[in-house]
Amino acid sequence: MAQTKDDSFMTNRAAAPKIPEDETGDPHIEIGGMRIDILEGAFSYYIRSLDAVVSRDLDRRMADLEVAKGKGKITTLFLVDDYPGVRPSQIADVLMRDRPATGRIIDRLVSAGDIRRETSTEDQRAQALYITDKGHALAEKVRGIIRAQEAEFFDFIAPEDRDQFMQMLKRVYLNMRAKWD
């Protein structure tokens with residue numbers, strides 16, 4: 001694959017690794033003349049590696065926004081924007097995080113003025129979360145950044161392969177959620 005100026009994920013990086021195949025056509029990963037041992041066949045290695053690269057790129061694109069860096073702030077912002085009155089426990093469930101960790105994310109967004117807490121009208125013991133005008137504008141800006149990243153960062157995946165890959169990722173995600181619950 002020839003590198004183009006649009007391959008932002010490869011900018012200022014070494015050339016794409018050589019991917020030799022064995023007699024069955026199975027690609028073997030070799031980077032700088034080194035193999036990666038058992039990790040070559042470990043889903044977790046590729047998931048963590050891709051997460052690191054995608055997160056680094058997204059953080060670069062959102063460097064001037066308070067939701068850059070870290071995990072969970074963007075999802076929380078979107079959930080509060082899309083579901084007025086959502087409870088912190090519901091967000092914790094979506095994030096697959098414990099309530100204290102989710103509470104810290106919510107605290108940051110409240111402190112930044114992006115969301116606000118109110119007492120739930122249905123249960124006086126529960127909190128309900130609402131987006132502020134500032135938070136809604138931020139959510140719209142982040143949606144645009146994510147759309148651009150999806151279009152640019154993964155442009156090397158053919159549209160038909162992208163659809164299949166997305167379906168597979170969604171199935172894996174849903175099955176992992178079922179295991180996690």
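The values are calculated or read from the model by the stated rules, or taken from the named source; none is laboratory data. None of the values given here were measured: they were computed from a predicted structure. Glycine gets a Cβ as well: all are built from the backbone with ideal geometry, and neighbour counts include every protein chain shown.
Would you confirm whether or not the range 70-83 contains a residue that is among the basic types (Lys, Arg) and under 16 Å from ILE146 (Cβ atoms)? Break it down into steps so the answer makes sense when it comes.
Initially, the range 70-83 is screened for residues among the basic types (Lys, Arg), giving 71, 73.
Restricting the remaining residues to those that are under 16 Å from ILE146 (Cβ atoms) gives 71, 73.
Yes: the range 70-83 contains one or more residues that are among the basic types (Lys, Arg) and under 16 Å from ILE146 (Cβ atoms).
Within the range 85-96, how many residues are over 11 Å from GLN127 (Cβ atoms) and touching a helix residue (DSSP H, G or I) at 6+ places or on another chain (Cβ under 8 Å)?
First pass over the range 85-96, keeping only residues over 11 Å from GLN127 (Cβ atoms): 92-96.
Pick out the ones that are also touching a helix residue (DSSP H, G or I) at 6+ places or on another chain (Cβ under 8 Å) and you get 92, 94-96.
Summing the residues that are over 11 Å from GLN127 (Cβ atoms) and touching a helix residue (DSSP H, G or I) at 6+ places or on another chain (Cβ under 8 Å) in the range 85-96 gives 4.
Give the residues of the range 23-61 that are assigned to a loop (DSSP other than H, G, I, E, B) and touching a helix residue (DSSP H, G or I) at 6+ places or on another chain (Cβ under 6 Å), sorted by residue number.
The answer is ILE29, and nothing else.
Just checking, does the range 129-142 include any residue being surrounded by 15 or more Cβ atoms within 10 Å (Cβ to Cβ), of a type in the set (A, V, I, L, M) and in contact with a Pro (Cβ under 8 Å, 6 or more places away or on another chain)? Full working, then the answer.
We begin by selecting, within the range 129-142, every residue surrounded by 15 or more Cβ atoms within 10 Å (Cβ to Cβ); these are 129-132, 135-136, 138-139, 142.
The next check asks that each one be of a type in the set (A, V, I, L, M); those that pass are 129, 131, 138-139, 142.
Those left that are additionally in contact with a Pro (Cβ under 8 Å, 6 or more places away or on another chain): 129, 131.
Yes.
Report whether or not ILE29 is within 30 Å of LYS69 (Cβ to Cβ) and at pLDDT below 85.
Values: within 30 Å of LYS69 (Cβ to Cβ): yes; at pLDDT below 85: yes.
Yes; evaluated as a whole, the condition is true for this residue.
Condition check ((1) among the aromatic types (Phe, Trp, Tyr); (2) modelled with pLDDT of 95 or more; (3) part of a strand (DSSP E or B); (4) not assigned by TED's automatic domain parsing to the domain that holds LEU77) across all residues:
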site: ILE91; (1), (2), (3), (4): no, yes, no, no
site: LEU109; (1), (2), (3), (4): no, yes, no, no
site: GLU118; (1), (2), (3), (4): no, no, yes, no
site: GLU122; (1), (2), (3), (4): no, no, no, no
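For the range 67-120, what are the residues that are at negative phi and among the basic types (Lys, Arg)?
Applying the first criterion (at negative phi) to the range 67-120 yields 67-68, 71, 73-84, 86-95, 97-112, 114-120.
Listed by number, the residues that qualify are LYS71, LYS73, ARG87, ARG97, ARG99, ARG104, ARG108, ARG116, ARG117.
Tell me which residues, restricted to the range 130-181, are in contact with a Lys or Arg (Cβ under 9 Å, 6 or more places away or on another chain), among the small types (Gly, Ala, Ser) and either outside any helix (DSSP H, G or I) or without any contact (Cβ under 8 Å) to a residue 60 or more places away in the chain (or both).
Answer for the range 130-181, where residues must be in contact with a Lys or Arg (Cβ under 9 Å, 6 or more places away or on another chain), among the small types (Gly, Ala, Ser) and either outside any helix (DSSP H, G or I) or without any contact (Cβ under 8 Å) to a residue 60 or more places away in the chain (or both): just GLY135.
Need the failing condition index for GLY113 against (1) in contact with a Lys or Arg (Cβ under 8 Å, 6 or more places away or on another chain); (2) within 25 Å of TRP180 (Cβ to Cβ), just the number.
(2) is the only condition that GLY113 fails.
So ASP82 passes all but one of these: (1) surrounded by fewer than 19 Cβ atoms within 10 Å (Cβ to Cβ); (2) closer than 16 Å to GLN127 by Cβ. Which condition number does it fail?
That leaves (2) as the condition not met.
Considering each of GLY103, GLY113, GLY85 in turn, give the residue that is more than 20 Å from LEU58 (Cα to Cα) and touching a Phe, Trp or Tyr at 6+ places or on another chain (Cβ under 8 Å).
Working: GLY103 fails: touching a Phe, Trp or Tyr at 6+ places or on another chain (Cβ under 8 Å); GLY113 fails: touching a Phe, Trp or Tyr at 6+ places or on another chain (Cβ under 8 Å).
From the options GLY103, GLY113, GLY85, the qualifying one is GLY85.
From the list THR102, THR75, pick out the single residue that is over 29 Å from GLU152 (Cβ atoms), surrounded by 13 or more Cβ atoms within 10 Å (Cβ to Cβ), out of contact with any Cys (no Cβ under 6 Å at 6 or more places or on another chain) and at pLDDT 95 or above. Explain how you work it out, then say what you get.
Numbers: THR75 fails: over 29 Å from GLU152 (Cβ atoms).
Result: THR102 is the single residue among THR102, THR75 that is over 29 Å from GLU152 (Cβ atoms), surrounded by 13 or more Cβ atoms within 10 Å (Cβ to Cβ), out of contact with any Cys (no Cβ under 6 Å at 6 or more places or on another chain) and at pLDDT 95 or above.
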